[in-house]
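Below you'll find the structure, written out as structure tokens, and then a few comments.
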């Protein structure tokens, strides 16, 4: 049939573009406007083949073949079909598995079924040579497109170039319509500060430090008491998980954040941030509508351990309070129509940034609450997200590929960012509620 098809090896296209624009083939060094890129491929293919486009096939690798945010956006675009191979790590390097085989199968099948008259290949891999030759034998014209090489040399298999019917080069001017190199800070550039919400979570004291401070204060008050066990210094820890979910592995149990004024003073003297410091750092100013006045006096941080989540302090072992245990989950607040709209928004508008994912989840949860009091109940739990809601939040984040490539665990820093985004949105909604009530 008189139509054209475009087969894109995304690893080659974007890797070569990164080499051209950023000096190295790492795709993390470039930002891509996929809508513009797809439109450019379509227009150029139709112009050069003088045939209407049937379809663009986008071949790429993904960990465990789980679609990443860019794949989710691409596969809902008109005339685009995404085919995913595996992405594996070996000797410190990422490698695609199954992408070449999928391209070869598609190429030969299209030609054998006479689904098109012209095929555009955007690849440099010589493994596709047998498929290219088979397509030619079935009467299909094969157009081979290359990305301009950074060094001016070929970045395609010579045999592939020799067998193609037509060859074109996607030069720098064409590439930069949709691809930009990310600017990296120079050696003298100031290091950007982390988001305050993430910094607040990361700055919580080590549990043994807080325990040692409490023991030291008790020993000072009672001279006959046993000496306190030494703890670590007051440096900020790499980052506790302070939610009520059991998803994070291997954290020790913690002492209560409300261990008493003397313990807090001792911790402050050693430079260890107290739970109130944590609340003030990440939750905004005190006062009406602020966060410090919403932090309960006996708040308990929950820390993970190999035995699950353990409470210390008042009410330990009693589980979540009924007020938060009964907070509705997002799934319970979402209708079928809203669920469909949420999925469309996830695919087309949510970038997959962990902080943004947390914000989106919190926005939907607060927008759909029937009882405004639930928002205030949740706010008093900072920084701990109730267990059921936190689990639902992390399952939602996993849809965006926010999973490490080992043990199906969300990356530790991503968990902090997801929860920080969640609390930031809750803060904004709580402040709006206070302002509305005050007005």
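Before moving on, here are some points about what is shown:
- Segments 23-32, 357-366 sorted - mean Cβ within 10 Å per residue, highest first: 357-366, 23-32
- Two-site FRET efficiency, residue 158 against residue 437, from Cβ-Cβ distance with R₀ of 60 Å, rounded to 0.05: 0.25
- Classified by the C-alpha gyration tensor, the stretch 72-163 has an oblate form. Its axis ratio a/c, with a ≥ b ≥ c, is 1.5 or above, and a/b does not exceed b/c.
- Gain in span if fully extended, residue 3 to residue 332, counting 0.36 nm per residue against the direct Cα distance: 113.7 nm
- Where only alpha carbons of the stretch 1-133 are counted, the Rg and the Dmax (Å): 14.8, 46
- For 117, 351, order by how many other beta-carbon atoms lie within 10 Å, fewest first: 351, 117
- Once both labels are positioned 7 Å from their Cα atoms along Cα-to-Cβ, the gap between residue 172 and residue 33 label points is 1.9 nm.
Only the coordinates and a few stated rules stand behind these numbers; no lab work does. This is a predicted model, so every value here is computed, not measured. So basically every Cβ, Gly included, is an ideal-geometry build from the backbone, and we count neighbours across all protein chains shown.
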